[in-house]
Amino acid sequence: MRRLRFLTAGESHGPALTVIIEGMPAGVPLTKAEIDEQLWRRQQGYGRGGRMAIEKDEVEILSGIRHGLTLGSPISLLIRNRDWENWQEIMSPHPRTEGTGTEKKVTRARPGHADLSGGIKYKHGDLRNILERASARETAARVAAGAVARALLRAAGIELVGQVTAIGGVTADTSDLTWEEIACRIPRSPVFCADEKASRKMMAAIDEARAAGDSLGGVVEVAALGVPVGLGSHVHWDRRLDGRLAQAVMSIQAIKGVEIGMGFLAAARPGSEVHDEIFWEEGRGYYRETNRAGGIEGGISNGEPIIVRAAMKPIPTLYRPLRSVDIETNQPYLASIERSDICAVPAALVVVEAMVALVLADAILERYGGDNWQDLKVALGR
């Protein structure tokens, strides 16, 4: 049974995004500044669009935290949309009067977006009713929830380090760097890449895509360091830690692939080059000299760093739009253009980190229990 869960609500151009997180133990240190830092990171990255110049995301804590400590009650957070003042009539929740609120109606579905399939499913003639919620703007609420989970992980001695490893056709090589070195380099890169040469090439590729009215995707990698043995379980499909991580990360808008450890590379290698040999040493216990499994074996964490990678497709809104059909006339048209990014891979990294944090925090509470941090700390042996 899930111990830590969350729900988000809100539309891209509505008044605000909200999130409720339930299950956080009492007594975990958590401040507004920690949440705002993650929201700020999500808005950074070379290739972001005009929306980021408008929004300056900042959280309002409505419940569940008092004097910098969690209370054990549901935590509710609110992130206001600054652009709401320009959309109040268009996105009003009140009944529409004659001739108002029809501006910016969307009837030309964008290939690769939820527009058409969502419009058919929910029987909407205005595809804005779909795209507003399907928008990746929703991930700001996830990042806020992830910041809450990160506070629990940090208290438990678990740290997350993330990096962008590919954008477009440019791939980074950080195999000679430690995770500590990667963590130090990431803030200096506009694309959150620890390989400085690759970082410059990624930025050039984004510039080329912008000039062509196109968009670019990429690959991000997140490592969880200090994870104890025994999170997750082999006994049921929905308790396997790798399955839970994959589902959570795949739920992020535009993510089309997830792998743990070697992932797809393992399919092309013999077993002798895939599985991690096990050793034992006095004072150290069991250990592995390699981590091809990515810290999870049989659905259970094995004490090595958990390595999660996610592939993000290019954003489906193109400034040179693809061909589509108008759902009112069924006539061919070019797809609608909504204000968008050229590349949001660096932002996706922050969202993937948030989802990994939420899954691991839930798994910690599942294994060790505790309604308050003091009891949990004893269970963790800290």
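The values are calculated or read from the model by the stated rules, or taken from the named source; none is laboratory data. Please read these numbers as outputs of a predicted model, since none were measured by experiment. Cβ coordinates were reconstructed from backbone atoms using ideal geometry, including for glycine residues, and neighbour counts include every protein chain displayed. Please note that ligands, DNA and RNA were not included when accessible areas were found on the heavy atoms of the full protein model with its side chains. Shrake-Rupley method; radii C 1.70, N 1.55, O 1.52, S 1.80 Å.
What the table shows:
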read-out	value
Portion, in percent, of the accessible area of region 5-380 that falls on carbon or sulfur, probe 1.4 Å	53
Mean shadow area of region 337-378 over all directions, Cα convex hull, nm²	4.6
Partner aspartates and glutamates for Lys123 [C-alpha distance under 14 Å; skip if fewer than 8 residues away on the same chain]	Asp115, Glu328
With DNA, RNA and ligands ignored, accessible area of Leu116 (1.4 Å probe; Å², nearest 10)	90
The chain: proportion of alpha-carbon pairs further apart than 34 angstrom, %	32
His124 accessible area, assembled protein chains, probe 1.4 Å, Å²	60
Farthest toward positive dipole pole in the chain [+1 Lys/Arg, -1 Asp/Glu at C-beta], among Gly168, His124, Val148	His124
Region 153-177 and region 280-314: distance between their alpha carbon centers, rounded to Å	14
The chain - charge dipole about Cα centre, Lys and Arg +1 at Cβ, Asp and Glu -1, debye rounded to 20	720
Among Ser199, Leu318, Val308 - extreme Cα towards positive end, dipole of region 5-380, charges at beta-carbon	Leu318
Selection from Gly298, Leu177, Pro228, by position along the positive dipole direction of the chain (Cβ)	Gly298
Local net charge near Trp373, Cβ-Cβ under 12 Å (Lys/Arg +1, Asp/Glu -1)	+1
Translational diffusion of region 93-190, µm² s⁻¹ [Kirkwood Rh, Cα pairs; Stokes-Einstein; 25 °C; 0.890 mPa s]	136
For region 1-149, the spread of Cα positions along each principal axis, largest first, Å	52, 37, 32
Pairwise centroid distance, computed over Cα atoms, of region 19-98 with region 196-231, Å	25
